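Below is one structure, written out as structure tokens; comments come after it.
The values are calculated or read from the model by the stated rules, or taken from the named source; none is laboratory data. From a predicted model like this one, the values you see are computed outputs, not experimental measurements. Heads up, the Cβs are rebuilt from the backbone with ideal geometry, glycines too, and the neighbour counts pull from every protein chain shown.
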Amino acid sequence: MKINQNLAVSESGFLFNPGTGESFTVNPIGAEIIALFRKGMTQDQVIDSITDQYHVDRNTFEKDLQDFTGILKTYSLLKQDD
Amino acid sequence: MEKKIYERPHIVRFETGMPGKFGMRNDLPPTTHIDGVAVSELVTRFGSPLFVLSENSIRTAYRKLYKAFSTRYPKVQFAWSYKTNYLSAVCNIFHQEGSWAEVVSGFEYDKAISNGVDPRKIIFNGPAKTREELVKATENGSLIHIDHLDELYLLIDVAGSVSQKPRVAIRVNMDTGIYPMWDRFGFNYENGQAWDALNKIMHSGKLDLMGLHTHIGTFIMSANAYAVAASKLADLARSLQQKFNHHLKYLDLGGGFASKNTLKGSYLPGSDTNPSFNEYAEAISSALINSHFTQGELPLLILETGRALIDEAGYILSTVIANKRMSTGRRATIIDAGVSLLFTAFWYQHQITVAQGNSQYREDTSLYGPLCMNIDCIRDSINLPLMNVNDHVVIHNTGAYNLTQWMQFIHLRPNVVLIDEKSNAHIVRNKEDQDSVNGNEMIPEHLAKFE
Ligand SMILES: Cc1ncc(COP(=O)(O)O)c(C=O)c1O
């Protein structure tokens, strides 16, 4: 999983992709996940980190994360590893 | 360490340009309570999905509409349109408020009688009354609204066999400037059918002609259409006065006022665009007061308002079963209430709110019911806060027609609960069980067994 490293993410959840000129809003947990990917974490590490901090079981979060990364891919913010 | 509250990760792209037809933001706050009772408590006690009716809203709407008319016109009478919602508890709220009953079948007629309505205060409409029903209604002194010539002749015949004189009106259809014009029921005004039928009644001498009826359509967005209708009925009344010196007791303008729902395809919410009770009342009252009737002659004005009196009193509480992504990336949410409970989803963009929390994030979602059928779509597109499985949603303005046109299909039908004015919840119709469906079935002997 490779996050587009050029993204600008503001604290208020405003996300700008300079490559395409598109902008997005992302909720705090979404911003946190993007930040974790940017640090180079794998999907499993992201799941560990979030389920440690938040009231959510692993299955539910895994499903939501898969959905979220799917959307990041359709917006070209995330690339599948080659 | 205490863990943080979880919300699904969510991202949306800013779209530039005009908001789309479905792009209206839904910033409605969550509906955590209905008439002081917590939604979560209702679902825990009575199950999900759940129909909820507010007695307070019904009475408030009735009093508001009654006042709109009674402050403008001297003699007003409402008759509750049973087909709109014939749960007996609901009917009796209207009867307690002073409504008569308006029925369109033998089943509804008997229901009104068993609810305790004085038969002389039952208006019997509809195109399909049997001879037996006409005999019963005549003997009871109910008001029979004749729909077509075959019924007129049948009733003249019935009149010969019973001691009472049938008390009748005819239903008139007419051009009021709205489209579509409902000309399927009753006798037409413009082509003279209605006047012909009135002449037949007067010449027969067998029927007691009490009034005239029209029901110009439903969800009528133009108050002026009612002014046209009232004037046309007043014209017929004048002709009867002139030719037969016959004075009618009442004019019945039927139902059809729009509720606060939003019709599919409308850009603006119905609560902003639909005429108010005062506008309808003004149109009808001034048309009658400005007609030929002298002050003392003004006939009783009867109204058979249905949906506008009950839509807002009804809610469906439902639970999120799953969140999905469609192949296009669209979000879809499946809830446990489908179109089998919400017939009006085919006409309305029902207002829907969440029942808990309130994420500041919204996503555009298709909302589907639990039926394994493609048609089971509650909203094609709605902006809702992020929801998790087992969260509750509240579907608003569901009080009219759903509890009569709903069907048992795939799932059993749920409890219906009425919240009274003291915030007590009462079951007014029990949820169905296996026996509600299978109890009426019979299996021929040769089909009773298989290997
Ligand atoms: C004869 C008659 N009266 C009254 C009504 C109630 O109409 P609404 O719910 O539009 O007020 C109907 C509904 O179709 C009707 O057919």
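Details
- Filter pass, residue B:274 being farther than 27 Å from residue B:192 by Cβ, touching a Phe, Trp or Tyr at 6+ places or on another chain (Cβ under 7 Å), within 14 Å of the ligand (Cβ to nearest atom) and not assigned by TED's automatic domain parsing to the domain that holds residue B:402: no
- The residue list B:83, B:64 contains one member that is within 16 Å of the ligand (Cβ to nearest atom), of a type outside the set (Val, Ile, Thr) and either over 22 Å from residue B:143 (Cα atoms) or within 14 Å of chain A (Cβ to nearest Cβ) (or both), which is B:64.
- So residue B:302, is it more than 14 Å from chain A (Cβ to nearest Cβ) and within 13 Å of the ligand (Cβ to nearest atom): yes
- If the condition is being part of a loop (DSSP other than H, G, I, E, B) and within 14 Å of chain A (Cβ to nearest Cβ), then segment B:310-365 contributes B:326, B:327, B:328, B:329, B:330, B:357, B:358, B:359, B:360, B:361.
- Taking the numbered list (1) in contact with a Leu (Cβ under 6 Å, 6 or more places away or on another chain); (2) closer than 30 Å to residue B:223 by Cα in turn, residue B:122 passes all entries but (1).
- Checking every residue in segment B:177-196 against the condition of being within 16 Å of the ligand (Cβ to nearest atom) and small (Gly, Ala, Ser) gives at least one match.
- Scanning segment B:236-261 for residues that are touching a helix residue (DSSP H, G or I) at 6+ places or on another chain (Cβ under 9 Å), more than 16 Å from the ligand (Cβ to nearest atom) and in a loop (DSSP other than H, G, I, E, B) yields B:246, B:247, B:248.
- Checked against the criterion of being assigned to a helix (DSSP H, G or I) and within 12 Å of the ligand (Cβ to nearest atom), the candidates B:133, B:151, B:108 yield just one match: B:108.
- Scanning segment B:205-215 for any residue that is away from the ligand (no atom under 16 Å from the Cβ) and within 19 Å of residue B:289 (Cβ to Cβ) turns up nothing.
- Exactly one residue among B:362, B:307, B:330, B:325 is crowded, with 22+ Cβ neighbours inside 10 Å and of a type in the set (Lys, Arg), and that residue is B:307.
- Evaluated against (1) out of contact with any strand residue (DSSP E or B) (no Cβ under 8 Å at 6 or more places or on another chain); (2) surrounded by fewer than 18 Cβ atoms within 10 Å (Cβ to Cβ), residue B:401 falls short on exactly one condition, (2).
- Any chance residue B:265 is assigned to a loop (DSSP other than H, G, I, E, B) and more than 16 Å from the ligand (Cβ to nearest atom): yes
- Selection of segment B:199-216 for residues being part of a loop (DSSP other than H, G, I, E, B) and in contact (Cβ under 8 Å) with a residue 40 or more places away in the chain yields B:206, B:207, B:214, B:215, B:216.
- Within segment A:16-29, considering residues that are facing chain B (nearest Cβ under 7 Å) and not aromatic (Phe, Trp, Tyr), the one farthest from residue B:6 (Cα to Cα): A:22
- Members of segment B:390-405 found to be more than 16 Å from the ligand (Cβ to nearest atom) and within 13 Å of residue B:49 (Cβ to Cβ), listed by number: B:392, B:393, B:394, B:395
- Qualifying residue in segment A:39-55 (condition: among the basic types (Lys, Arg), part of a helix (DSSP H, G or I), more than 12 Å from chain B (Cβ to nearest Cβ) and under 12 Å from the mean Cα position of the chain (by Cα)): no
- Filter pass, residue B:177 being within 25 Å of the chain's Cα centre (by Cα), closer than 17 Å to residue B:255 by Cβ and modelled with pLDDT under 95: no
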